[in-house]
Amino acid sequence: MSRRMVGDDQDVFRVLVVRRTQVRNPDWQLGNGSPMYVCTGEAHETSYGPYNTIGAARGQLTRETWDSYNSEMYAGVVSGRVQKATTTWEDVS
């Protein structure tokens, strides 16, 4: 199935999210107030896209950061940003 992207020399956008892996907190004990997991592991980049509009890319970025604040699974989000590129086409065989 084909998908319509943008035309020649138009901008496309993607979202780049950087997360840190969660590791178990060695200082955690039940009732001492420290978190069970801390995000001090290695950083990993994940990209989403391409999107035709900057609004669609920003929506994906909002979704990723919202998930990070509302789920322990995504609590390691460090940063996210929208990137822009311009399409150029060349023949390949």
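We did not get these values from a lab; they are worked out from the coordinates using the rules stated. Keep in mind it's a predicted model, so treat the numbers as computed, not measured. Using ideal geometry, Cβ is built from the backbone for each residue, glycine included, and neighbour counts are taken over all protein chains shown.
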* If you add up the charges near VAL18, with Lys and Arg at +1 and Asp and Glu at -1, over every other residue whose beta carbon is less than 9 angstrom from its beta carbon, what do you get? -> +2
* Asked: What list of ³J(HN,Hα) couplings, whole Hz, do you get for the stretch 44-57 from phi and the Karplus terms 6.51, -1.76, 1.60, once you set θ to phi - 60° and write x for glycine and proline?
  -> 10, 9, 10, 10, 10, x, x, 10, 6, 10, 5, x, 5, 5
* To do: Within 10 Å, count the other beta carbons around each residue, average over each peptide in 52-61, 22-31, and list them highest first.
  => 52-61, 22-31
* Structure fact -> Counting sequence-distant residues (5 or more places) and residues on other chains, those with an amide H built under 5 Å from that of ASN25 are TYR37, VAL38
* Round to the nearest 0.05 the FRET efficiency obtained for SER34 and THR87 when R0 = 35 Å and r is the Cβ-Cβ distance. => 0.10
